[in-house]
Amino acid sequence: MSVGVIGIGHYAPPKVVTNKDLEKIVDTSDEWIRTRTGIEERRIAEDDMDTSDMAFLAAEEALKDAGTKAEELDLILVATVTPDTPFPSVACMLQERLGATKAAAMDVSAACAGFMYAMITAKQFIDTKVYRRVLIVGVEKLSKITDWTDRNTCVLFGDGAGAAVMGEVSEGKGILSFELGANGAGGEHLYQNKSNHLFMNGREVFKFAVRQMPESSVNVIEKIGYNKEDVDYLIPHQANIRIMEAARQRLGIAEEKMATTIKKYGNNSSASIPMALSESVRNGSIKENDLVVLVGFGAGLTWGAVALRWGK
Ligand code: ACO
C-alpha cells in the first residue's frame, strides 16, 4: 500500500516585518540580511493569535483540500517547538476546535525537522492499517521566543503554519523513501535558554546543515534507485538561502525547481516545509507525478528527508 498527502493547506499571518523595520530595532542592515540569509521580510503573528490559532487555520484548509471531515480523522500530530503551553498539547487544542472527536492527538518535538518526523510517524500508522486518516501540522510562533535585542537571531525567524492530511494513495504515488536522524551531542548549538529565548551558534548549525541537507536528499533518492536528475522539485527547510543552494547544487537541479519561500517568510522552523509545499502545489510548481524531495534539519540536532511521488 502507498501512503501520501491527500490534502494540504497553510496560513501566514498578515503582518509583514521587513528588514528595514528591523534596522530600527537592532544594529543590522537590509543588505546584510539579504546577502547572508536570503530573507527580505517575514510574517509576525499579532499578540492575540497563538500557535494553535494558526494551526487551526492551516488545518481547516488542508481538510477542505482533502475532502475529509474532521470527524474522520484518526490521529492529529502537531510538530512545534512553540506550543501555546507545554500542556495541553496544540494537537489536543486542535482536536477540540476542529471537532475531530475520534482522533488521538499529540505534539511532536523535533524543531525544524518536526514536520518530517510527523509525516513519517503518520505513515507508520497508515501503513499498518491502524489508522486511515492522519492530520499533520507544522506550526510556529517563533516571535514569542525571539530575543528582539539579539541581531544574530531576531532577523532570521517568522511565524506561520502548514498542514497536510495523510492517507492511502494509488500504488506508485506518495512516500517512496525516507530518512530520519538525530545527534543529541549537537544540542548545545541551538536551544531555548533560561530566559526562554532561542540561542543559536549560527556557524556550527550552518556547518551541520550544509553537510546534512545534501547528504539526506541524495540518500532518499538513492534508496529507491533513482538518480539526482530524476528529481522534479526540492523543498528544503527554509533556514538560509546559502544552505538551500548547497543542497540544490549537490542535486544538480535548476533554480526554479527549488521552493524559496524564505525571501518572504524567513525561517518558520517546523512550518517552513509544509508552507512551502502548500504554496508550491497551489502555484503549479509541483505537478501530478512529480518526484519531490522534502528535507529538513534543526535543533536536537535532528534531520529528516522524504522522497515522494506527488498525487493521490
Ligand atoms: N546584522 C549585521 N551583522 C550581523 C548580524 C545581523 N543581523 N548577525 C550577525 N552579524 C555579524 C556577527 O556579529 C559577525 O560579526 P563579527 O565578525 O564582528 O563577530 C558577522 O556578522 C558574521 O557572523 P557569522 O556568524 O560568521 O555570519 P554568517 O555568514 O555565518 O551568517 C547566520 C550567520 C545567517 C546565522 C548563518 O550562520 C546561518 O544561517 N546559520 C544557520 C542557521 C540555521 O540554519 N538555523 C536553522 C535552525 S533554526 C531552528 O531549528 C529553530
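The values are calculated or read from the model by the stated rules, or taken from the named source; none is laboratory data. Small disclaimer: the values here were computed from a predicted structure and weren't measured. Please note: Cβ atoms are built from the backbone with ideal geometry, for glycine as well, and neighbour counts cover all protein chains shown. Heads up: the accessible areas ignore ligands, DNA and RNA and are worked out on the full protein's heavy atoms, side chains in. Shrake-Rupley method; radii C 1.70, N 1.55, O 1.52, S 1.80 Å.
Picking from residues in the range 183-226 that are farther than 17 Å from Ala299 by Cα and charged (D, E, K, R), the one that is least open to solvent (accessible area, probe 1.4 Å) is Glu215. Residues in the range 116-155 that are buried (at least 24 other Cβ atoms within 10 Å of the Cβ), within 17 Å of Phe297 (Cα to Cα) and out of contact with any Phe, Trp or Tyr (no Cβ under 9 Å at 6 or more places or on another chain): Tyr117, Ala118.
Among the residues of the range 79-124, those identified as of a type in the set (Ser, Thr, Tyr) and within 16 Å of the ligand (Cβ to nearest atom) are Thr80, Thr82, Ser109, Tyr117. Checking the range 2-12 against the condition returns no match, with no residue being within 16 Å of the ligand (Cβ to nearest atom), over 19 Å from Arg133 (Cβ atoms) and open to solvent by less than 40 Å² (accessible area, probe 1.4 Å). Right, Leu180: away from the ligand (no atom under 14 Å from the Cβ), crowded, with 17+ Cβ neighbours inside 10 Å and closer than 30 Å to Val90 by Cα or not? Yes; evaluated as a whole, the condition is true for this residue. Pairing each residue of the range 137-158 that is free of Cβ contacts under 8 Å to residues at least 60 places away in the same chain with any residue that is near the ligand (Cβ under 9 Å from one of its atoms) and open to solvent by less than 10 Å² (accessible area, probe 1.4 Å), provided the two are 6+ apart or on different chains, yields C-beta distances under 6 Å for Thr146/Cys154. Taken as a whole, the structure places Ser216 among residues that are within 15 Å of the ligand (Cβ to nearest atom) and under 18 Å from Ala118 (Cα atoms). For the range 71-91, the set of residues classified as open to solvent by less than 60 Å² (accessible area, probe 1.4 Å), without any contact (Cβ under 8 Å) to a residue 40 or more places away in the chain and more than 19 Å from the chain's Cα centre (by Cα) consists of Thr85 only. A single member of Gly202, Gly160, Gly138 is in the same structural domain as Ala59 (by TED's automatic domain parsing) and either under 28 Å from Trp32 (Cα atoms) or hydrophobic (A, V, I, L, M, F, W, C) (or both), and it is Gly160. Selection over the range 232-256 of residues that are under 17 Å from Leu308 (Cα atoms) and at pLDDT 95 or above gives a count of 6.
Residues checked against (1) part of a loop (DSSP other than H, G, I, E, B); (2) away from the ligand (no atom under 16 Å from the Cβ); (3) acidic (Asp, Glu); (4) over 25 Å from Asn183 (Cβ atoms):
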{"position": "Arg211", "(1), (2), (3), (4)": "no, no, no, no"}
{"position": "Glu222", "(1), (2), (3), (4)": "no, yes, yes, no"}
{"position": "Gly225", "(1), (2), (3), (4)": "yes, yes, no, yes"}
{"position": "Gln238", "(1), (2), (3), (4)": "yes, no, no, no"}
{"position": "Glu245", "(1), (2), (3), (4)": "no, no, yes, no"}
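Within the range 25-35, does at least one residue satisfy the condition of being within 16 Å of the ligand (Cβ to nearest atom), within 20 Å of the chain's Cα centre (by Cα) and not small (Gly, Ala, Ser)? No; the residues of the range 25-35 include none that is within 16 Å of the ligand (Cβ to nearest atom), within 20 Å of the chain's Cα centre (by Cα) and not small (Gly, Ala, Ser). Among the conditions (1) more than 15 Å from the ligand (Cβ to nearest atom); (2) under 26 Å from Asn19 (Cα atoms); (3) among the charged types (D, E, K, R), Asp232 misses just one, which is (2).
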